[in-house]
Amino acid sequence: MSTQLSVIKPHGSPQESHPDEELRRLVRGDSVHRTLYTDPSIFDKEMIRVFGGTWTYVAHESQIPNRDDFFTTQLGVRPIIVTRDSRGQINALLNRCTHRGSTVCREPSGSAKRFQCPYHAWTFANDGRLESVPWPKGYGSNFTYDAYRLGALPRVESYRQFIFATFNMDLPPLAEHLGPATEYLDAWLDRYPTGNVIVRSSAQKMMYRANWKLSYDNAADGYHPAFSHRSLLKVASRYGDDRDMQYFAKRPDDGPLYVKYLGNGHTVVDQRPGMKEGYWKWIRPFPGMEAFEASLRKRYGDAEAERFLDMGPGAGLNLNIFPNLLIIGNHLQIVEPLTVDSTALSWYGTTIEGVPDDINTMRMRMQEDFPAFGEPDDLANFEEAQRGMVIPEMEWIDISRGAGTGAEKTDHQGVVTGPVTHEHHIRGYFQEWAKLMTGATTGWSESRGNAE
């Protein structure tokens with residue numbers, strides 16, 4: 001048996017049912033075909049060519065801080081184990097026994113030098129090597145342990161402790177692939193004393209009955225908050241017009257906010273120009289905030305307390321790393337496709353080091369806000385959009401807002417900037433989607449990938 005990883009294409013596979021040329025016709029400059037959200041064969045191909053063919057986020061290094069730590073997650077629909085092995089090397093292993101296909105690790109996280117498949121007790125080291133097989137003589141003299149090591153993503157890289165993996169050997173290095181998105185990720189992290197966040201709390205899990213791309217469409221959408229999040233804006237308006245998201249309520253394109261397409265599928269909504277008098281004074285109220293603030297001012301004085309308080313709210317950025325990492329406020333939201341019309345979302349709160357404990361307590365209180373009071377609005381929209389998209393007589397999804405207005409500008413890096421309600425971010429990422437899906441990236445081949 002060989003450990004070469006390849007994609008088998010039987011009769012009726014995505015490759016046959018949607019040739020590349022047909023897929024190209026499904027993405028226009030100002031619209032995309034509804035089947036991109038509804039066709040199971042397109043979804044199957046996305047799991048290979050998008051989630052396997054680009055740098056995809058898999059974990060944060062703080063989730064595996066020590067040697068022998070592991071964290072289980074998904075890469076598309078593939079179950080994987082992210083490990084820091086006994087030598088300190090980070091690996092992304094396919095969570096599938098090379099014997100009969102069962103998962104070898106069934107815990108969400110922990111510490112383990114090896115993983116033993118519960119089915120037949122094949123045992124693997126945390127770097128993927130097969131270490132033991134019960135009664136190996138039954139396999140004959142040609143059996144070799146090296147041939148049965150766990151599958152693995154052949155490329156794993158980190159940028160500022162964010163771990164990404166890919167099967168695509170021809171992609172540029174991760175930092176180059178992130179490109180202008182690094183400016184915004186750096187800005188998010190450099191607010192903190194150590195320049196890092198810690199992702200060790202349990203995730204808040206959600207599911208919705210719709211396609212995964214609806215989350216990504218919405219991630220940089222400044223058009224919907226005034227309508228979809230009306231109840232949240234109404235609550236905040238009791239405290240004035242300068243609180244979080246209030247600037248979306250009245251003619252947002254006339255204000256200073258903007259949305260950018262950053263290239264390679266990445267997008268950002270920059271809300272910082274709409275924030276007045278610092279981050280702390282911009283947030284919506286939450287229970288206990290007055291007591292937090294008074295306690296900090298008493299202990300540290302006004303200047304130091306205000307420095308700490310401004311580390312509590314998010315940085316005013318919605319940064320989206322294609323295809324599955326959304327940085328929202330202080331959260332990491334991970335998009336986890338399940339089927340063509342079902343998706344899981346994992347919201348991970350973050351803490352920081354070098355600040356009083358009260359600051360991290362306050363961050364957690366604020367991180368309860370949007371997932372509880374804003375995200376349900378979005379999930380309802382996604383499900384209703386999925387219901388509407390199944391209508392066969394209405395084929396196209398419009399993504400034209402802003403096109404031809406002259407309000408969008410492209411810089412020397414190819415970054416497109418426009419008013420916050422424009423949809424150039426969607427048009428941009430679908431061009432990247434089309435490149436990946438049609439093999440038009442830097443030599444991507446479905447037969448690539450090696451477990452060694």
Only one of these is surrounded by fewer than 16 Cβ atoms within 10 Å (Cβ to Cβ) and part of a strand (DSSP E or B): E157, E176, E131. Name it.
E131
Among the residues of the stretch 75-91, count how many are surrounded by 20 or more Cβ atoms within 10 Å (Cβ to Cβ), in contact with a Leu (Cβ under 9 Å, 6 or more places away or on another chain) and not aliphatic (A, V, I, L, M).
2
In the stretch 59-70, anything farther than 21 Å from G195 by Cβ and buried (at least 23 other Cβ atoms within 10 Å of the Cβ) is listed as F70
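Of these, C97, C105, which one is of a type outside the set (F, W, Y), open to solvent by 10 Å² or more (accessible area, probe 1.4 Å) and out of contact with any Gly (no Cβ under 8 Å at 6 or more places or on another chain)? Before the answer, list the steps.
Values: C97 fails: open to solvent by 10 Å² or more (accessible area, probe 1.4 Å).
Result: C105 is the single residue among C97, C105 that is of a type outside the set (F, W, Y), open to solvent by 10 Å² or more (accessible area, probe 1.4 Å) and out of contact with any Gly (no Cβ under 8 Å at 6 or more places or on another chain).
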How many of the residues making up the stretch 186-198 are part of a helix (DSSP H, G or I) and open to solvent by less than 10 Å² (accessible area, probe 1.4 Å)?
2
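Looking at the stretch 383-396, can you tell me whether even one residue there is assigned to a loop (DSSP other than H, G, I, E, B), under 30 Å from G288 (Cβ atoms), open to solvent by 60 Å² or more (accessible area, probe 1.4 Å) and out of contact with any Leu (no Cβ under 6 Å at 6 or more places or on another chain)? Write out each step before concluding.
If we filter the stretch 383-396 for residues that are assigned to a loop (DSSP other than H, G, I, E, B), which is where we start, we get 390-395.
Within this subset, residues satisfying the condition of being under 30 Å from G288 (Cβ atoms) are none.
Looking for residues that are assigned to a loop (DSSP other than H, G, I, E, B), under 30 Å from G288 (Cβ atoms), open to solvent by 60 Å² or more (accessible area, probe 1.4 Å) and out of contact with any Leu (no Cβ under 6 Å at 6 or more places or on another chain), one finds none in the stretch 383-396, hence no.
The values are calculated or read from the model by the stated rules, or taken from the named source; none is laboratory data. The shown structure was predicted, so the numbers you read here are calculated from the model rather than taken from an experiment. Cβ: placed from backbone, ideal geometry, glycine included. Neighbour counts: every protein chain shown. Surface areas here come from the heavy atoms of the whole protein model, side chains and all, with no ligands, DNA or RNA. Shrake-Rupley method; radii C 1.70, N 1.55, O 1.52, S 1.80 Å.
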